[in-house]
Each structure stands twice: as C-alpha cells, then as structure tokens.
Ligand code: FES
Ligand code: FES
C-alpha cells in the first residue's frame, strides 16, 4: 500500500492503496464517487470515462500511481466546474438521450471533453471522439444530436 494525494473535483483526497489500483476503483470504493461506472474493465467500453487534466480518459486503465498532481474530474464535478448544469447535460435532458443510463456518465464526460477542445465539432469529429464509448441501448443518434445542440447553445 502507498499513500497518494489526489485532486478530484477541486478537492484534495489522501488515499492509501496499492499503486496499481485503477483510478476507477479509487473513485468508487475509496471516495464514494459512484457516478463513474465499471463496464468492461479492459478499456473497451468507455463507461469509466473521467477527465485527467481536462482530457477524457478511461479510468479502468489508469493506475493511481500515474496520476501525480494532475487534476481529476468526474461526472460529479462537471456541474461544479461551470457553476450550473453543463450545456451538455442540459442538451442530454432536453433530448432525453439516456435509455438504461449505464453508459451515459462516460458518454457525457467524453462529450464535455470534446467540446472543450472543439467547440463546434463536425459530425466526423463527434463520431471519432465518441467512438470509444459504447452504448448497448444504441442511443448514438441522440448522443450526436445532443452534442450538436450543446455546441450551438455554448456558442450563442
Ligand atoms: S470499464 Fe473502462 S473502458 Fe470499460
Ligand atoms: S443507455 Fe443503456 S447502455 Fe447506453
């Protein structure tokens, strides 16, 4: 076991865990941030997507020892970053994107990261950025429409 100081959603947390522990499990089991989901555990589904230094990343593939001082944002911290519901979250609700909901926090984290770097993404850019996030309910059409709506509302 080793001690790590993690900055998660703007707050510092000390955890005492094995250095190889994936950040997914540190968030869920040690910090009780259960919005980040476990899907495949092998980097193939995107359910565990978080932001590390603002970049979307699969937390099941990220050992806690690799984080260092880089800030982590989870779905619980997205509202705090903008001070209100994020335009992506608003669009998600307006277009009723979710079906079972399991993949959706990962989808939203990927979408928020995309719009940070590309505020007006093309369809191809959306497809490429979201290609690592699987939805077994097949909500892809609504996900794309919600990202386009969020992009429009953010650039108004
Ligand atoms: S749980 Fe991390 S990619 Fe599937
Ligand atoms: S909404 Fe069910 S897996 Fe995506």
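The values are calculated or read from the model by the stated rules, or taken from the named source; none is laboratory data. Note that the structure is a prediction, hence the values are computed from the model and not measured. All Cβ positions, even for glycine, are placed from backbone atoms using ideal geometry, and neighbour counts span all protein chains on display.
Quick notes on this one:
- Apart from one condition, residue 76 fits all of (1) more than 16 Å from ligand 1 (Cβ to nearest atom); (2) within 26 Å of residue 13 (Cα to Cα); (3) buried (at least 22 other Cβ atoms within 10 Å of the Cβ); the exception is (3).
- In segment 1-57, the residues that are within 23 Å of residue 117 (Cβ to Cβ) and away from ligand 1 (no atom under 16 Å from the Cβ): 7, 8, 9, 10, 53, 54
- Residue selected from segment 121-154 under the condition touching a residue at least 40 places away in the same chain (Cβ under 8 Å) and assigned to a loop (DSSP other than H, G, I, E, B), by the criterion farthest from ligand 2 (Cβ to nearest atom): 132
- Flag: residue 112 does not match the condition of being farther than 28 Å from residue 141 by Cβ and touching a strand residue (DSSP E or B) at 6+ places or on another chain (Cβ under 8 Å).
- Of the set (1) surrounded by fewer than 19 Cβ atoms within 10 Å (Cβ to Cβ); (2) modelled with pLDDT of 95 or more, all apply to residue 83 but (2).
- Taken over segment 117-156, the criterion of being in contact with a strand residue (DSSP E or B) (Cβ under 8 Å, 6 or more places away or on another chain) and within 15 Å of residue 98 (Cα to Cα) is satisfied by 133 alone.
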